[in-house]
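Structure first, then comments.
The values are calculated or read from the model by the stated rules, or taken from the named source; none is laboratory data. Being a predicted model, the structure only gives us computed values, none of them experimental. Backbone-built Cβ (ideal geometry, glycine too); neighbour counts: all protein chains shown. All accessible areas refer to the heavy atoms of the entire protein, side chains included, with ligands and DNA or RNA removed. Shrake-Rupley method; radii C 1.70, N 1.55, O 1.52, S 1.80 Å.
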Amino acid sequence: MSDAPQHAPHGFAVQDNCLLVGGIPLPQLADRVGQTPFYAYDRALVSERVAHLRKHLPDAVHLHYAIKANPMPALVQHLAGLVDGFDLASGGELSVALDTTMSPQHISMAGPGKSDAELRRAAAAGITVNIESADELRRLVAASEQLGYRPRVAVRVNPDFELKTAGMKMGGGPKQFGIDAEQVPDVLKDINTMDVDFQGLHIYSGSQNLKVEAIQEAQEKTLELALRLLEHSDTPASTINIGGGFGIPYFPGEAPLDIAPVGERLGELIEQATSQLGDTAVVLELGRYMVGEAGIYVCRVIERKLSRGDVFLVTDGGLHHHLAASGNFGQVIRKNYPVAIGNKMSADKLENASVVGPLCTPLDLLGNKMPLPNAEAGDLVVVFQSGAYGVTASPTRFLSHPLPAETLC
Ligand SMILES: *Cc1c(COP(=O)(O)O)cnc(C)c1O
């Protein structure tokens, strides 16, 4: 038994014992969706998060949403009205982006291994392609010439420094992402001779960073590297995408990232570089920071089971829908995501229980021995911090259960 308070993440309200999502009590929302499990994203929390970024980041910074974090079409359309652009990483995400009201000129595509088919679609759509190799540039130019479009090109740079503390490092050292910084001058000289619409540079060094100083340092080094490399381009860049990597707290002991000092420092850096930047816009691309905390995963307890004194809440949801919460998406040591019983939010008597799914594997664990209210069949388990890298980062065909629903409210 434990009397640790239940986790109720900032933003979600509680009314009459029930979690509210978009103002709707969770049991009513489950009835409205018509099934469990489902993901629910709170539209107002997404809007608030973007407003929070705007408040603390310099006005000059363009904010892009990285669709990879959550490509749900209604959510992406909602963000189309809030951010300045989209960054995407596949032909599938391109389709989602083009179905929104975002103008193609504010959409860019990154990622290694773009196929000729994707490059042709990107050229026809008029979006910017962040090229990741000289070969990709050659293929993009060939495809565009054949089709009769002038491609919009930016160069993704693999920086010559590495982030000290990012959760996931995606730049520095040998990487499949981007063109090594030392080769970029030659690529820019080639681009100078080509009939392409040069947009600028894209430098992305890592993800899930919660350390202010590490982000400040990465932004400084990134901007400095970009300005140094751009001296080799005859055409001024319209954008420098300096990445993002802003993290959100998932586990006990992690504190939310303080955006204010990040914005302040970035403002100073941009100000110092005013003359070199000219009309070049600085772009930040963020995925999980914009949507991660606005989403929950909801599943229903099928059975409360006792095994040798331990309580197991066996639910209809699991790792096939939410790999990250099971601890199998890049975690070294498994830790619990914040979990609650969404129709018993105000219970003060707690017990230790494990939340498991219906899959026939011990990996199917959504909560390990967590303090939770006494739950039984029919109750609704909520996994917070689930708005990013949820269903699309999960092995949904594993064990052949149905897909979860998704709702934006
Ligand atoms: C994954 C990715 C992002 C988004 O990362 P978050 O951690 O969700 O902010 C942004 N840019 C690129 C190039 C990526 O690969």
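In segment 309-379, Cα pairs under 8 Å separated by at least six residues give a relative contact order of 39 percent.
Local charge sum around Gly92 (other residues, Cβ-Cβ under 13 Å, Lys/Arg +1, Asp/Glu -1)? For residues surrounding Gly92, the net value is 0.
Which angle between 0 and 90 degrees, to the nearest 10, do you get for helix 212-230 versus the longest principal axis of the chain when only C-alpha atoms count? Roughly 20 degrees, rounded to the nearest 10. Computed from the Cβ-Cβ distance with R0 of 22 Å, the FRET efficiency linking Ser115 to Glu145 stands at 0.80. Projected onto planes of every orientation and averaged, the convex hull of the alpha-carbon atoms in the chain covers 19.9 nm².
Of the residues Gly171, Ala117, Leu137, the one whose Cα sits farthest toward the positive end of the charge dipole of segment 107-188, with +1 on the Cβ of Lys and Arg and -1 on the Cβ of Asp and Glu, is Ala117. Assuming charge only on the beta carbon of Lys and Arg (+1) and of Asp and Glu (-1), the dipole of segment 1-125 about its Cα centre is about 240 debye to the nearest 20. Helical runs (DSSP H, four residues minimum) scored at -39500 (n - 2.57) apiece and divided by the length of the chain put the mean residue ellipticity at 222 nm at -8000 deg cm²/dmol. Compared with the dominant principal axis of the Cα atoms in the chain, helix 43-56 is inclined by about 50°.
Given Cα pairs under 8 Å that are at least 6 residues apart, what percent is the relative contact order of segment 245-378? Each step should come with its number before you reach the end.
Values: 186 pairs, mean separation 30.8, N = 134.
Relative contact order comes out at 23 percent.
Protein heavy-atom surface of segment 100-153, 1.4 angstrom probe: 50% of the accessible area is carbon and sulfur, with nucleic acids and ligands not counted. With all protein chains in place and ligands, DNA and RNA left out, the 1.4 Å accessible area ranks Val153, Val96 as Val96, Val153, largest first. Charging the Cβ of each Asp and Glu at -1 and of each Lys and Arg at +1, and nothing else, the dipole of segment 290-381 about its Cα centre rounds to 200 debye. A Förster distance of 51 Å, applied to the separation of the beta-carbon atoms of Phe312 and Asn192, puts the FRET efficiency at 0.20. Cα centroids of segment 196-245 and segment 298-366: 40 Å apart. Across Tyr389, Tyr289, the residue with the most accessible area heads the list, and the full order at a 1.4 Å probe is Tyr389, Tyr289. For segment 307-409, the ratio of Cα radius of gyration to the globular rule of thumb 2.2 N^0.38 Å stands at 1.04.
Within the shell defined by Cβ-Cβ distances under 9 Å, the residues around Val283 carry a net charge of -3, with Lys and Arg each +1 and Asp and Glu each -1.
For the chain, the longest principal axis of the C-alpha atoms and the axis of helix 259-272 are separated by about 0°. At a 1.4 Å probe radius, carbon and sulfur cover how many percent of the accessible area of segment 222-261? After summing per-atom areas, the C and S share lands at 55 percent. A probe of 1.4 angstrom, applied to the heavy atoms of all protein chains, finds Leu57 with accessible area near 10 square angstrom.
Spin-label model, Ala347 to Phe251: label points 7 Å out along the Cα-to-beta-carbon direction sit 2.6 nm apart. Hey, which lysines would be in cross-link range of Lys369, C-alpha to C-alpha under 26 Å, not counting anything within fewer than 8 residues on its own chain? By straight Cα distance, Lys369 reaches Lys305, Lys335, Lys344, Lys349.
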